[in-house]
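The values are calculated or read from the model by the stated rules, or taken from the named source; none is laboratory data. The structure presented is a predicted model; accordingly, all values stated were derived computationally and were not measured. Cβ placement follows ideal geometry from the backbone for every residue including glycine, while neighbour counts extend to all protein chains displayed. Heavy atoms of the whole protein, side chains included, go into the accessibility calculation; ligands, DNA and RNA do not. Shrake-Rupley method; radii C 1.70, N 1.55, O 1.52, S 1.80 Å.
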Amino acid sequence: MDLHTDVLIGEVVRVFDTTLRDGEQTPGIAFTLEEKLEIARQLDKLGVDAIEAGFPISSDEELTAVKRIAEAGLDSTICGLARVVREDIDACIDAGVDMVHIFVSTSDIQREHTIKKSRDEVCNISVESVEYVKDRGLECLFSAMDATRTDPDYLIKIFKLVEAAGVDAINIPDTVGVASPSFMYNLISKIREEISVPLDVHCHNDFGLAVANTVMAVEAGARQVQVAVNGIGERAGNANLAEVVMSLHSIYGARTGIRTRYLYETSKFLERLCGMHILPNTPIVGENAFSHESGIHAHGVIEESATFEPGIMTPEMVGHRRRIVVGKHTGAHAVAEKLEEIGIEVTKEQLDEILSRVKELGSKGKMVTDADLYTIAEVVLREIGKQEQVLRVKELSVMTGNVLTPTAVVRAVVHGEERAVAEIGVGPVDAALNAVKSLIGEFETVKLRDLRIDAITGGSDALADVMIAVEDEEGRIVSARGVRDDIVIASVDALVSGINRLSLLKKKVD
Ligand code: KIV
Ligand code: ZN
């Protein structure tokens, strides 16, 4: 049995993005005018066909934002939302949009409880609105709000009327996210038999089915999808742009205008702007989407990535990256590969010891970062195999206070020779690090690229956890860590370990 259906191979599907309209209706999200412009530019770079820029009648600020986006000279079609009401459509026209998206409730429950209009009245105002938009030379998209809970015969009746009035495309929203994929397929198939203009779908994610329903609608004949970056939108959100697009591309072989290499970047960009973080296991753009920890998987992926990844979608295709993560489930292969990446070669005995220490940390529920792995490796290499160190500190003393300039004196063995220096700094840590840099300075230039100090547990006796990144003259950067109850010694430990690691790398290259 073939895994994939060929019904969509080569078919073109338009992507209508509603991040700025339905997406902004997410509880807790509100974009400033400048942010809206930035998002619109990013969506344009991504290649969406249409950007629903907002609902211009809703406020003066919204109208201005839609206007600024419409004036921004983007390639995407700019759309404004309007009820089937003249003033709403006029606000869209004032904003200078290319397309007006008019919507009206068609389900009995919404008609009776919200707009309080009969079925015939809804038909009439819909037709009048489509004609009004078309008479002004704009593109018109018509949405039957709550279509999936609307009597299908009535739905087809109203669609035939707006089609006759000249509408350009018809949207079938699953407004409260209650459709099942098979229901969606059948509904779109039925409408497709009766209606000739392009069909569009807008699915909400109340049951987590928005992407499945959108894709099924396309299988049944819809040729435009309404989506939002990171799936933001009312309640549980809209269909996720990256998931819909990559399913269409990679599983179905359909085509869209999306430059998929910007999908990860766009997701990160939106995350930063709206402050709503996606889960690490989010498909395609989540941090774990192409990460492998288990020994069997990591081993497989190192040999051939398609063993434990879809293969039809790679991290490169979506602008993401593959990561081999070390932890409780890690195997020797992955650890060796990671160490090799930074030029550390280990014997079988050393590797077994490193692996057992990594697993021990992982089984305590601790995340093992790359810096942790390198520190473990370094300690093990020193213990087993007597790894030669270019720098070994023998004595360190620091004087500080409010009447003297912080001064550090360090005695160390550098490339086999014992030396001592004194240096000053803006504080005791700075003075000590300056002294270490000055000791090694005669042999190599080391730049401090990053220094972060955290306290593990509270209190004045807390352990200081120091992370350092150092760079050599060739631009190689390594991170190292020092954990001690004395912040100065922890910082010196981290720097010394970074310098020794850089020299290991250098040796490997030489
Ligand atoms: O969910 C919905 O029905 C909508 C319409 C405005 C298309 O957002
Ligand atoms: Zn919606």
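Some notes on this structure:
- Residue check, L37 at pLDDT 95 or above and under 14 Å from E271 (Cα atoms): no
- Scanning region 133-149 for residues that are farther than 24 Å from Q226 by Cα and touching a strand residue (DSSP E or B) at 6+ places or on another chain (Cβ under 9 Å) yields a count of 1.
- Residue selected from region 438-459 under the condition at pLDDT 70 or above and polar (S, T, N, Q), by the criterion surrounded by the most Cβ atoms within 10 Å (Cβ to Cβ): S438
- Restricting the first member to region 248-262 and to residues that are over 15 Å from I284 (Cβ atoms), and the second to residues that are open to solvent by less than 30 Å² (accessible area, probe 1.4 Å) and of a type in the set (G, A, S), the beta-carbon pairs closer than 6 Å and six or more apart or on different chains are G257/G47.
- Restricting region 171-230 to residues that are under 26 Å from the mean Cα position of the chain (by Cα) and hydroxyl-bearing (S, T, Y), the residue that is nearest to ligand 1 (Cβ to nearest atom): T175
- Test: residue in region 206-223 that is within 12 Å of ligand 2 (Cβ to nearest atom), assigned by TED's automatic domain parsing to the domain that holds I29 and open to solvent by 10 Å² or more (accessible area, probe 1.4 Å): yes
- Region 21-126 holds helices (runs of 4 or more DSSP H) entirely within its bounds, and those carrying 1 or more residues that are within 16 Å of ligand 1 (Cβ to nearest atom), among the acidic types (D, E) and open to solvent by less than 40 Å² (accessible area, probe 1.4 Å) map to 60-70, 86-95.
- Pick from region 166-196, criterion hydrophobic (A, V, I, L, M, F, W, C) and open to solvent by 20 Å² or more (accessible area, probe 1.4 Å), ranking: nearest to ligand 2 (Cβ to nearest atom): V176
- One residue stands out in region 263-288 among those that are of a type in the set (D, E) and in contact (Cβ under 8 Å) with a residue 40 or more places away in the chain: the one that is nearest to V318 (Cα to Cα), namely E265.
- The sole residue among G275, G300, G286 that is among the small types (G, A, S), open to solvent by 20 Å² or more (accessible area, probe 1.4 Å) and away from ligand 1 (no atom under 16 Å from the Cβ) is G275.
- For L248, the criteria (1) away from ligand 1 (no atom under 16 Å from the Cβ); (2) in the same structural domain as E52 (by TED's automatic domain parsing); (3) open to solvent by less than 10 Å² (accessible area, probe 1.4 Å); (4) in a loop (DSSP other than H, G, I, E, B) hold in every case but one, which is (4).
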